[in-house]
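These notes concern the structure reproduced below.
The values are calculated or read from the model by the stated rules, or taken from the named source; none is laboratory data. Worth saying up front: this structure is predicted, and the values here are computed from it rather than measured. All Cβ positions, glycine included, derive from the backbone under ideal geometry; neighbour counts span all protein chains shown. For accessibility, only protein heavy atoms count, side chains too; no ligands or nucleic acids. Shrake-Rupley method; radii C 1.70, N 1.55, O 1.52, S 1.80 Å.
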Amino acid sequence: MSESHLSQYLLLFRESDDAPDVAPEEMQAMFATWFAWSERLGKVGKYEGGNPLTEQGKVVRGETGESVTDGPFVEAKEVLCGYFLINAESMEDACKIAGECPGLPRGMSVEVRPIMVH
Amino acid sequence: MDHLFRQEYGRLVAILTRQLGSARLPLVEDVVQDALLRAAQVWPYRGLPPNPTAWLLTTARNRAHDICRRNQRWQKSEPAITQLLESTAAQAMDSADATFENEIRDAELRMMFVCCHPGLSSDAQLALILKTLAGFGEQEIATAFLTTRPTIAKRLVRARKFLREADVSIDLPADAELEDRLHTVLHALYLLFNEGFKASTGERIIRNELCREADRLLSALGPWAPAAIPQTLALAALFAFHRTRLPARLDGEGDPVILADQDRRAWDQGQLRRGMKLLSASAQGDQLSRYHIEAGIAACHSLAPSFEKTDWNHIAQLYGQLENFAPSPAVSINRAIAIARAEGAAAGLVHLNAHVDPTTVDSYHLYHAARADMLSELNDPSALSVYERALELAPLAAERRSLRRRMEGLEND
């Protein structure tokens, strides 16, 4: 499959900040499905990369950046915990990929944002 | 990466406890749990690192370092811990080699002796092994032992407190106490395996895990020369013979199947061969242990082409030896059953009456079932009421089905 007709999307993963503790065995199962998922995407040229984000962050505002506050998530119930950069055929395809995210059953949410080209 | 997490948890706890001492087990468990959580956050996005253990170890150690630096009280009372962490930090960098693997094995071995400290009750020893070496969660341990999570949590808190207050050494036991300490470890692994192996309803997966962990930890003792005594080999043989029959112990519905009804074609011949090798290796020297005898009994069952063609004579004889080594009503009942099979019901009944006090086993269904079988074979009319008593007490559906079948046979005669 040629990748030329694919466009880039960001998948933004958010997790509820009161997610329960996970036993090692459950973690095991979670990893297995995550790796299988990203590997499957990589094989068809749809996975570009990704990173986790720490919970500590700051928001800078004001004309000269004089206002520095703790991350945007202080009041939020969900924390942005990582992102994937993917290639997808369409928004529909990108949502289908997001819908396979193994974190969903644990309450994770995935925001799908197309990267603007022109 | 089958069971990677569970295994990693145990390896990390062992290696950090070895470095920081058993008194700091709670800190170690916390930072290992943190490291695993960190992995859960990072690995999904970046993939599995080339050496997961080293990655987790560095992360856990950094976390411990952070905690100690931040906590003033700790710094005052324990300046040594920061130094310890700093001196060992460099080692973690280059840890993808065979020395690292050896170090982990050595740490696991020491941890096994810590968990099986004779000052702890058997229950506490098993819970501690499962939590620290096998990476079980408290809920999983509770499920495996058919008890509640708070009970297990309390048990673990008390055990950790004991390790701290008694300042239990992470050093391997010295020659003088080696033999006793080793026997405690073997006994704990024996109990752990039995807990997983004994027939009970539900939660089969967790219970099979107990068997596998007990076997894995016993093999971890293997390379350590002082542990290579005949008892260790005999216990390993016993595990292998039991594991031979594991694949046939469940029916399609997940209910346990009693030995007489098992499909012997499903038995694991590889484990059987392993058991035979271990059993003959264990026959060195003049030491006979209960593990030898029990392995012998399990071997007889595993080698028998059918329930009827089992060498009951030999089994009766072995149970006789076991009555001397580890007397219990269950052993005497089993001996009586084997005698009844080998020499006839009358002889079995004589043994039962002579060696088992009915008042101590009145709530034990196998006693009544065994007696009923013998009475029925002798056409004694009281068999029916004894079967009824067994039926009332039998906890497993498979056992009740089998009892009903035998009762119907009685009525048709």
Which residues, taken from the stretch B:358-413, are in contact with a helix residue (DSSP H, G or I) (Cβ under 9 Å, 6 or more places away or on another chain), in contact (Cβ under 8 Å) with a residue 40 or more places away in the chain and among the small types (G, A, S)?
B:A398, B:S402
Give the residues of the stretch B:2-49 that are within 14 Å of another protein chain (Cβ to nearest Cβ), over 23 Å from the mean Cα position of the chain (by Cα) and either among the aromatic types (F, W, Y) or in a loop (DSSP other than H, G, I, E, B) (or both), sorted by residue number.
B:W43, B:Y45, B:G47, B:L48, B:P49
Go through (1) on the phi < 0 side of the Ramachandran plot; (2) without any contact (Cβ under 8 Å) to a residue 40 or more places away in the chain and name the single condition A:G65 misses.
(1)
Every residue from the stretch B:304-320 that is open to solvent by 30 Å² or more (accessible area, probe 1.4 Å) and modelled with pLDDT of 95 or more
B:D311, B:N313, B:H314, B:Q317, B:Y319
Considering every residue within the stretch B:111-134, establish whether at least one is closer than 21 Å to B:V32 by Cα, more than 14 Å from every other protein chain (Cβ to nearest Cβ), among the aromatic types (F, W, Y) and surrounded by fewer than 24 Cβ atoms within 10 Å (Cβ to Cβ).
yes
Considering B:I141, B:I170, B:I152, which residue is closer than 19 Å to B:E195 by Cβ and touching a Lys or Arg at 6+ places or on another chain (Cβ under 7 Å)?
B:I141
B:A92 passes all but one of (1) open to solvent by 10 Å² or more (accessible area, probe 1.4 Å); (2) modelled with pLDDT under 85; which number fails?
(1)
Of the residues that sit in the stretch A:9-56 and are small (G, A, S), modelled with pLDDT under 85 and part of a loop (DSSP other than H, G, I, E, B), which one is least open to solvent (accessible area, probe 1.4 Å)?
A:A23
Exactly one condition in (1) open to solvent by 70 Å² or more (accessible area, probe 1.4 Å); (2) under 32 Å from the mean Cα position of the chain (by Cα); (3) under 26 Å from B:W267 (Cα atoms) is false for B:R405; which is it?
(2)
